[in-house]
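Below is one structure, written out as structure tokens; comments come after it.
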Amino acid sequence: MILPVLLYFAVFSFYPLILGFIQSFQESRLIGQAEFAGLSNYQAVLQDATFRQSVQNSLIIGFGGLVLTLSLAVLLVLGLTEIRLKCFKQSLQTLTFLPFLFSWTVIGSLWIYMLSANGLLNDLIKLAGARPLVILSNMKAAQPVFILSAAWKNAGYNVVILMAVVSGIDPGLYEAALMDGASRARQIQHITLPALRPTLLMLVLLGVTGILRNFDQAYVMQNAAILPRIRTVLLYIFTVGISQFKIGLATAAATVVLLITLGLTLLTSLLISRIKKSWL
Amino acid sequence: MKHPSSARRLNQLSLPLQIINHLFLGLMFLSMLIPFLYVFAVAFSTRQGSMAAGVKLWPDHFSLDGFRTVWERADLGTAFVNSLSVSAIGVLLELFLSLMAAYVLVIEQLPLRRWLAGLILVTLTIPGDLTLISVYVLNKQLSLLNSYPGLILNGLVSGFAIMLLKNYFEGVPGALAEAARIDSATEFQIFRLIYLPLSLPGIAAISFLEFISKWNALMLPATIISDAKYYTLPLVLKQLTLSSESTSGIDYIAPNARMAAIVISVIPLILLYVLAQNFLIEGLTLGATKG
């Protein structure tokens, strides 16, 4: 009964992984047998300035987005727990969670339109009598726009996860602290935040494994003017492999990215276990 | 008895902090609400209204023009049906396969059980998106490019969902199954009469989450589909965003139509959220803590 699933994974997970690895050592040809090419694809990829820049872009957008998303989520959770008005609390939580359910095609087209020449932001600026801003084709604004829109989309998911932790905290702790004369701010600092830490670290680790896997956002929100700043590694692999059909190059890039991801994940989990030890 | 001075002993933030907190949350509230409001306002505006200057947070004249345009000219109807059928069939097929697999993983007498679970866990660590190019080649070899089976099969089963289901099954008391076995029930009966009903909330949560991820899928469809006949909603939306960049040409699609396309693609998700938010949130929290 488990066989269909195993067969599925063999064909759609393991086979492509191995195939990709083999192809990364081959010269890609449209017709005829592929030829063994040694490390030449890897050499070409590592020397490709576009690839190196795409790694840099992915790291900046990825880390920036992760830090902003998590900070926003923590602030929202701390803020929301202090709100007694139930309907406000509920509706804000729902509003922040909804964009997480929507695809990047939705969020991307929404933000592209909002920030465009005739979008809401520039309508407001014009209303104030200032000159409209060029945002979408502005190289300097590209990465901040990506980071902000990612945080806008993803904060809500982290709020849900962290809220579950907060609601699991023993209320007796707060009562005891109150008896001892601790202010609410000190209670947050010494009870709520420490309770959130393990989950927060897990979310960091989860986020780090995803940093180099940004495709949807870049694919939807790209335009020629800002491509050098927002071309992520997956967009690079997609363009080189699917559009230009340089399979050897693309699979070599994928293998390099896989190795970087492994390295990053390992480094982060080491750091996290260090941090956890320091609590003891 | 409430004494005026006892108000101070209420467990609350100090007043300045409370003001800052309310300002922050109010700002967040607006920053989340206004974009959505804007989308709806433009989507229900007329073509002229959506292109006119000025801040639009309410439709000029309530109009369904945008919906009509995008449904007819961008062929959103086909894409909607494609998305819906591919996601629905995909979820059913995935559930069928995953339920069997997860059940096998909790049957204790099974040899190699741990080894099999390990194998499925390993698939979680293979980043599917990084094998994109070989996935394309694979689909070509299986002639799944530009086909419905291709849309359904790629990314059909997720190791994550199987492990979550296994988790729910493990919550079913083993004594129940033992008792049934003694009464010479078949494994299938045990599965159908004990495990299935007892893990129904979990199964619902997973189906909703998987439906959402299939509905939103962009990368795999973009890789294997080039024929517009098989476009799913995300592919059409992407196409519409592209066409908005080139302002010249007769094919210009007005903002009201583009926003209407967004409304159409989020309505099923909003409905799902309204109907099943508790399942969704439970599935997500369990997924994050156990995954």
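The values are calculated or read from the model by the stated rules, or taken from the named source; none is laboratory data. Since we're looking at a predicted model, the values are computed, not measured. Cβ atoms come from the backbone with ideal geometry, glycine included; neighbour counts cover every protein chain shown.
Here A:Val77 meets each of (1) more than 10 Å from chain B (Cβ to nearest Cβ); (2) under 16 Å from A:Met221 (Cα atoms); (3) surrounded by 19 or more Cβ atoms within 10 Å (Cβ to Cβ) with one exception, condition (2).
Can you tell me how many residues in segment A:112-127 are hydroxyl-bearing (Ser, Thr, Tyr) and either more than 7 Å from every other protein chain (Cβ to nearest Cβ) or in contact with a Ser or Thr (Cβ under 6 Å, 6 or more places away or on another chain) (or both)? Before you say what the answer is, go through the steps one by one.
Filtering segment A:112-127 down to residues hydroxyl-bearing (Ser, Thr, Tyr) leaves A:113, A:116.
Those left that are additionally either more than 7 Å from every other protein chain (Cβ to nearest Cβ) or in contact with a Ser or Thr (Cβ under 6 Å, 6 or more places away or on another chain) (or both): A:116.
The total comes to 1.
Of all the listed residues (A:Ser109, A:Ser91, A:Ser71), the sole one being among the polar types (S, T, N, Q), within 13 Å of chain B (Cβ to nearest Cβ) and in contact (Cβ under 8 Å) with a residue 60 or more places away in the chain is A:Ser109. With respect to the conditions (1) within 16 Å of the chain's Cα centre (by Cα); (2) more than 23 Å from B:Thr125 (Cβ to Cβ), A:Val240 lacks only one, and its number is (1).
Considering only residues of segment B:37-54 that are within 10 Å of chain A (Cβ to nearest Cβ) and buried (at least 17 other Cβ atoms within 10 Å of the Cβ), which is farthest from A:Ala185 (Cα to Cα)?
Going residue by residue through segment B:37-54, those that are within 10 Å of chain A (Cβ to nearest Cβ) are B:37-39, B:41-42, B:50-54.
Still in the list and also buried (at least 17 other Cβ atoms within 10 Å of the Cβ): B:38-39, B:41-42, B:50.
Values: B:Tyr38: 37, B:Val39: 38, B:Ala41: 41, B:Val42: 43, B:Ser50: 47 Å.
So the residue we want is B:Ser50.
The requirement of being in a helix (DSSP H, G or I), facing another protein chain (nearest Cβ under 8 Å) and either without any contact (Cβ under 8 Å) to a residue 40 or more places away in the chain or more than 30 Å from A:Leu203 (Cα to Cα) (or both) is satisfied by A:Leu178.
With respect to B:Phe188, is the statement that it is surrounded by fewer than 22 Cβ atoms within 10 Å (Cβ to Cβ) and closer than 28 Å to B:Ser134 by Cα true? Don't jump to the end; show me each part of the working.
Details: surrounded by fewer than 22 Cβ atoms within 10 Å (Cβ to Cβ): yes; closer than 28 Å to B:Ser134 by Cα: no.
No; evaluated as a whole, the condition is false for this residue.
Residue pairs whose Cβ atoms lie under 7 Å apart, separated by 6 or more positions or on different chains, with the first residue in segment B:135-150 and within 20 Å of A:Phe238 (Cα to Cα) and the second buried (at least 18 other Cβ atoms within 10 Å of the Cβ) and charged (D, E, K, R), do not occur. A Cβ distance below 6 Å, combined with a sequence gap of six or more or placement on separate chains, defines the contacts here; from segment B:213-229, residues that are under 19 Å from B:Ala88 (Cα atoms) reach residues that are in a loop (DSSP other than H, G, I, E, B) and small (Gly, Ala, Ser) in the pairs B:Asn216/A:Ser103; B:Leu220/B:Gly155. Evaluating B:Arg73 against the criteria (1) under 19 Å from B:Ala254 (Cβ atoms); (2) modelled with pLDDT of 85 or more; (3) within 27 Å of the chain's Cα centre (by Cα) leaves one unmet condition, (2). Among all positions in segment B:76-89, there is no residue which is within 9 Å of chain A (Cβ to nearest Cβ), buried (at least 21 other Cβ atoms within 10 Å of the Cβ) and of a type in the set (A, V, I, L, M).
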